[in-house]
Amino acid sequence: MDDNLIDSATLSLDRRSRLPGAGFFYPDSLDEEYAERRTKEAVSDVETIVITDRDADGLACAALVRAARDAARSPAVAERALTARLAGEDGLDDDDTERSESPDSSVALVGASPYSLPEALDRVAQFAPKSVEVFICDLCPDDYRDVAEELPALVDGARSVRWFDHHQWDDEVARQVREAGADLVVGKSDEECSADVTLRELDHEFPPHLQELVTVTRDHDLWLKKDARSEDLADYAHWADNEEYLAIVGDYGADLPEPVHDYLTERRVEKEALVEKATARATTHEVGPWTVATTYGRCSQNEVADALREAGADAAVVVKPAGSASLRGSDGFAHCHEVAGLVNGGGHPKAAGCKPDIYDDMLDYAAHWTSDGRATRQVILAAFEQVAADVAGRNETAEPDTAD
């Protein structure tokens, strides 16, 4: 296949907003081979491993663990790389490139998502040194069966496995994870982010800039939106290499240096254009007592959801070209995790994610791209209808019996 067919740089903005990134078109077998090789290289000679989500919250957890183990990387290489990218140059000499690709830290980072958590646990169990210290952060399995083989194998070979999270955990899943030998601590999902839990549970006196990093990370992760810096952290975590992000925030905290702000300014030109495309595609639906807006596109889901809520939606659904969807609520809708739980996902009352299991082959994806995610929207709206019925039933049950 011609590389240009999946190269976003050659597409118009409208087409780019409707199609997934190039990585989507690589077979899982190649992704698994690459992930296995990278994991083996990262964990083969370390004392501590952090398996975490790769958003700002998960990466803040990793930054805290590195600080607690005196294993933070210098930001010098990352800053030079940033400056070079802004100038349109390569910018890294051979030594810099080697250090960038092979992090000089005794704490290894293994990125994962809720969907890839079992594979991440399995690879670490295979390749990590015996008696290694493992932290799992900002990740929550929907069902214990997802990790029933991988987690015990990891626990058996590790010195310790500590799990810090803040998502909505099923009580039975939490019990089984603890029985498998993991020290699980779950924070209050409407008050804390996973970095809050990590900060509290690690026996270390963290410097003020990292304590502030956690506060600003929480501002974004819980959608508080009281600190303008939280959007910078979220965008930078999304666009930057994980190691680059860790090096920068580990040294600067939430007050990012000038090259990062220049980089964010440059990247946000396209980001804003994609947000406008997705917002323009939105349609609204009355579901029970709620107005639900659904849209489609490759975009920043938080900004799109903000725009849809400002237009009157109680809940927003942003369907992505890769087939997943982000659900965002409001003060009038705090059931996102319930909706997502019905369509192969989970999360928080006001922020959740899912990927309906409706794609059997590439023809289904072709229909998805050319219909602006119509089938996915319909499946998720059906889940909203079910939750509306469930909430109505609970309300009826809760009403006092006033009959004589």
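The values are calculated or read from the model by the stated rules, or taken from the named source; none is laboratory data. In this text, all values refer to a predicted model and were calculated from it rather than measured experimentally. With ideal geometry, Cβ positions are generated from the backbone for all residues, glycine too; neighbour counts draw on all protein chains shown.
Quick notes on this one:
- Residues of region 302-336 satisfying the condition of being among the hydroxyl-bearing types (Ser, Thr, Tyr) and without any contact (Cβ under 8 Å) to a residue 24 or more places away in the chain: Ser330
- Helices (runs of 4 or more DSSP H) completely within region 300-404 that count 2 or more residues being out of contact with any Cys (no Cβ under 6 Å at 6 or more places or on another chain) and farther than 20 Å from Arg281 by Cβ: 336-341, 362-370, 374-398
- Extreme residue, nearest to Tyr115 (Cα to Cα), among residues of region 337-374 that are of a type in the set (Asp, Glu) and without any contact (Cβ under 8 Å) to a residue 40 or more places away in the chain: Asp357
- Looking only at residues of region 143-168 that are surrounded by 18 or more Cβ atoms within 10 Å (Cβ to Cβ) and at pLDDT below 95, we find that the one that is farthest from Ala60 (Cα to Cα) is Gln168.
For (1) assigned by TED's automatic domain parsing to the domain that holds Ala237; (2) crowded, with 19+ Cβ neighbours inside 10 Å; (3) over 27 Å from Asp165 (Cα atoms), each residue gets a yes or a no:
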| position | (1), (2), (3) |
| --- | --- |
| Gly312 | no, no, yes |
| Val317 | no, yes, no |
| Pro349 | no, no, no |
| Val387 | no, yes, no |
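- The residue pairs whose first member lies in region 30-49 and is closer than 21 Å to Val155 by Cα, whose second member is assigned to a helix (DSSP H, G or I) and among the aliphatic types (A, V, I, L, M), and whose beta carbons are closer than 7 Å, counting only pairs six or more residues apart or on different chains, are Thr39/Val124; Val43/Val124; Thr48/Val65; Ile49/Val43; Ile49/Val124.
- Residue count for region 127-155 satisfying the condition of being in contact (Cβ under 8 Å) with a residue 24 or more places away in the chain and in a helix (DSSP H, G or I): 9.
- Checking Lys271, Lys226, Lys188 one by one, the residue that is free of Cβ contacts under 8 Å to residues at least 60 places away in the same chain and in a helix (DSSP H, G or I) is Lys271 and no other.
- Exactly one residue among Asp331, Asp306, Asp251 is modelled with pLDDT of 95 or more, acidic (Asp, Glu) and out of contact with any Lys or Arg (no Cβ under 6 Å at 6 or more places or on another chain), and that residue is Asp251.
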